[in-house]
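Undergrad: Pasting a structure below so you can have a look.
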Amino acid sequence: MITFAQRLQASTPVMTKTNNPKQLVDATLFAPTIRLDVRYATDDNFLGRAVYEKPRVFLAKSPAKALRRIARTLKKEGLGIILFDGYRPPAVVQTFWDETPDHLKKFLTNPAIGGRHCRGYSVDLTLYDLTTGKPLLMPSAYDDFTDKASPDYSGGTAEQRKNRDKLIAVMGKEGFSVHPCEWWHFDYPNWENQPIIKSTFDAIDQRFFHRIKKLFSRLYNAIRRILGLKDGKPLQDDDRRLNQISRSDALHIA
């Protein structure tokens with residue numbers, strides 16, 4: 001059997017970078033049956049401390065839309081999606097590398113060649129029962145650094161293997177390929193040719209809010225033009241009104 005470490009080092013992605021996170025979107029906004037369990041925003045992870053400033057999962061638009069289609073399919077079967085991770089800032093990848101003992105670095109992606117998650121085309125997830133709200137049993141826990149995490153691991157119970165294979169199959173129908181070492185990790189087609197995005201969750205959120213603000217500005221001006229008010233005078237003159245809109249209101253309307 002090919003070892004975990006051998007599989008993990010099997011591919012070397014293209015190393016291009018961008019500081020523009022414009023293609024990233026909040027994956028939870030695409031389907032109501034998608035929920036989060038972002039371990040890296042808590043101390044329940046292999047480092048034992050939070051490395052994300054907030055529990056968020058961002059993806060590029062194409063994989064996010066594909067995930068929405070998958071969520072709709074699964075809903076008909078009484079299943080939902082739990083997201084563990086999506087876009088991962090390069091700074092966090094570096095933290096993983098710096099704080100992991102040398103004998104375990106074989107399980108990580110070397111920041112020098114860039115991480116899969118840094119592109120917005122990779123996602124970690126599992127399935128849950130919509131009726132009970134409980135995650136489906138899998139052959140291993142999330143972020144298990146053993147052969148049990150392999151998508152072709154033959155151990156565990158028949159139910160665990162069935163659930164894992166169900167996840168792999170439904171993701172595969174939308175083009176996602178499972179990572180050779182991790183049943184929970186899936187890459188969207190052409191991931192290796194996407195640029196590495198250097199950003200933070202706060203910066204992505206701020207950009208999203210600015211987009212909502214511009215949307216309200218256009219809408220407000222359009223309504224004023226329709227009503228013949230001030231000849232569609234720019235909203236900047238009344239910016240204090242727009243600033244009263246909270247981020248939560250913007251998200252709700254979006």
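The values are calculated or read from the model by the stated rules, or taken from the named source; none is laboratory data. Quick caveat: nothing in here was measured; it's all calculated off a predicted structure. Virtual Cβ from ideal backbone geometry, glycine too; neighbours counted across all protein chains shown.
Undergrad: Modelled with pLDDT of 95 or more, within 17 Å of the chain's Cα centre (by Cα) and buried (at least 18 other Cβ atoms within 10 Å of the Cβ): is that true of Ser122 in this structure?
TA: Yes: the conditions hold for Ser122.
Undergrad: Take Ala141 and decide whether it is without any contact (Cβ under 8 Å) to a residue 40 or more places away in the chain, surrounded by fewer than 17 Cβ atoms within 10 Å (Cβ to Cβ) and part of a helix (DSSP H, G or I).
TA: no
Undergrad: Please go through the range 34-55 and pick out each residue that is of a type in the set (Lys, Arg), assigned to a loop (DSSP other than H, G, I, E, B) and under 28 Å from Leu74 (Cβ atoms).
TA: Listed by number, the list holds a single entry, Lys54.
Undergrad: Checking the condition among the aliphatic types (A, V, I, L, M) and surrounded by fewer than 16 Cβ atoms within 10 Å (Cβ to Cβ), which residue from Leu74, Leu29, Leu24, Leu36 passes?
TA: Leu29
Undergrad: Test of understanding: among Val123, Val93, which residue is under 28 Å from Lys61 (Cβ atoms), in contact with a Cys (Cβ under 8 Å, 6 or more places away or on another chain), outside any loop (DSSP other than H, G, I, E, B) and not basic (Lys, Arg)?
TA: Answer to the selection: Val93.
Undergrad: Please enumerate the residues belonging to the range 149-193 that are touching a residue at least 24 places away in the same chain (Cβ under 8 Å), part of a helix (DSSP H, G or I) and of a type in the set (Lys, Arg).
TA: Correct list: Arg164, Lys166.
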